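Beneath this line is the structure, given in structure tokens, with notes to follow.
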Amino acid sequence: VKVVVAIKPTSATGASGITRYIAESKRDPEKEGLGENEPRPLFSSTEHNLTYLEANRILQISTDTHPQKEDVIHIVISPEKGHYEELGETRQERYDAFMEIVREAGNVIEKEVNFVELYWISGIHLNTDIPHAHLAICRDGLNSLTERRARINHLPRSLLSHHTKNDSGEKEF
């Protein structure tokens, strides 16, 4: 499945604001299969059904402090229009397949930034015409090459959608 990645500004309230946003913002219980006041489940590279408080703890593992706005990268990942439906026959099959795509994206990001372990949480939003996942990544971690603390100041261009020129010199996204 082809996906589109976009960097989003992080809320002014830091990690707790972003995890709450991912879990609760603009919910559509009918479209998303949620109960009346049920937040979206959050997940990480290894855990399922996290509350936003549990998600906050994951984002602070590498620093042992409450991450602030500048400590978190907020990415949105979405399949190209019409491709989400190809992920499975049922809502749960599509959701599970998309969750694995997000986890694979986390693994790719971890390798590209040379971290031993990347701390991130995500939640899938099915409230729009194009389903998408919000991914909140802690900027701090352990560099796998130097074995020292490191910070992601900018995501490598290789991870971001951008225009390139094809063989005939035309720009392609």
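The values are calculated or read from the model by the stated rules, or taken from the named source; none is laboratory data. All figures in this text were calculated on a predicted structure; none of them were measured in a lab. Cβ sites come from the backbone with ideal geometry, for glycine too, and all protein chains shown count toward neighbours. These accessible areas exclude ligands, DNA and RNA; they are computed on the full protein's heavy atoms, side chains included. Shrake-Rupley method; radii C 1.70, N 1.55, O 1.52, S 1.80 Å.
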In percent, what relative contact order does region 37-139 have, based on Cα pairs under 8 Å that are 6 or more apart in sequence?
38
Per DSSP, loop trypsin sites (Lys or Arg not before Pro) in region 65-117 with at most 12 further Cβ within 10 Å
Lys81
Grab the beta carbon distance between Glu47 and Ser168, set R0 = 45 Å, and tell me the FRET efficiency rounded to 0.05.
0.45
Roughly how many Å² is the accessible area per residue of region 18-173, as a whole number, for a 1.4 Å probe?
58
7 Å from Cα along Cα→Cβ at both Glu89 and Glu24: what's the point-to-point distance in nm?
3.8
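Leaving out ligands, DNA and RNA, and with a 1.4 Å probe, what % of the accessible surface on region 73-173 is carbon or sulfur? Please list the in-between numbers first.
Details: 2660 of 5740 Å².
Carbon and sulfur together cover 46 percent of it.
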Förster radius 22 Å - calculated FRET efficiency between Ile61 and Ala97, Cβ distance, rounded to 0.05:
0.20
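Quick check: from the Cα gyration tensor, does region 17-146 come out rounded (a/c under 1.5), prolate or oblate?
oblate
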